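Reading through the structure tokens given below for one structure.
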Amino acid sequence: MSSKEISISGTDYTITLTDQIVNQVNNLKSLYSAAYEDPESFEQVSSEISSTINDIAAQAEPPVSDDDLDGFIQEIIRVVDKKAEELKEELEGKTAKPKKEIKPAKKSKK
């Protein structure tokens with residue numbers, strides 16, 4: 001968990017990136033994708049999108065104003081994506097161990 005400060009329109013919001021927040025942001029991205037891929041489903045997922053946005057924004061201090069909500073959500077998505085990329089790079093760095101150089105076997109003389 002880490003706290004992140006997000007500045008929108010001159011207001012600084014602080015949010016703690018818990019697993020729950022990360023999951024909500026990833027769920028929101030999935031809902032956006034579903035609505036984009038199938039515009040007819042937008043009505044079905046729009047209430048879920050709204051609810052998820054409000055759940056995420058409710059975790060910020062101070063409470064996110066309606067005017068800042070869109071910018072706040074865009075920024076929190078960027079923050080979560082960046083954190084996921086950093087974790088991926090870290091994991092890849094740990095699994096990509098340098099291989100020892102293998103020397104060819106010497107041929108014996110007969």
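None of the figures in this text is laboratory data; all of them are computed from the coordinates on show. Since the model is a prediction, treat every value here as computed from it, not as a measurement.
Each residue of the stretch 3-19 is assigned a 3J(HN,Hα), and the resulting list reads 8, 10, 9, 10, 9, 10, 6, x, 9, 9, 10, 10, 9, 8, 7, 8, 4 Hz, derived from the Karplus form 6.51 cos²θ - 1.76 cosθ + 1.60 (θ = phi - 60°), x at Gly and Pro. For residue 8, the residues whose modelled amide H falls within less than 5 Å of its own, excluding neighbours fewer than 5 places apart on the same chain, are 13.
In percent, what relative contact order does the chain have, based on Cα pairs under 8 Å that are 6 or more apart in sequence?
24 percent
The alpha carbon radius of gyration of the stretch 3-95, expressed as a multiple of 2.2 N^0.38 Å, is 1.17.
Residues whose amide H falls under 5 Å from that of residue 17, counting only those 5 or more places apart or on a different chain, are 2, 3, 4, with hydrogens built in the peptide plane.
Helices in the chain, meaning DSSP H runs of at least 4 residues, each add -39500 (n - 2.57). Divided by all residues, the mean residue ellipticity at 222 nm is -19500 deg cm²/dmol.
Taking the chain as the region of interest, the number of lysine pairs whose Cα atoms are within less than 22 Å, with members eight or more places apart or on different chains, is 11.
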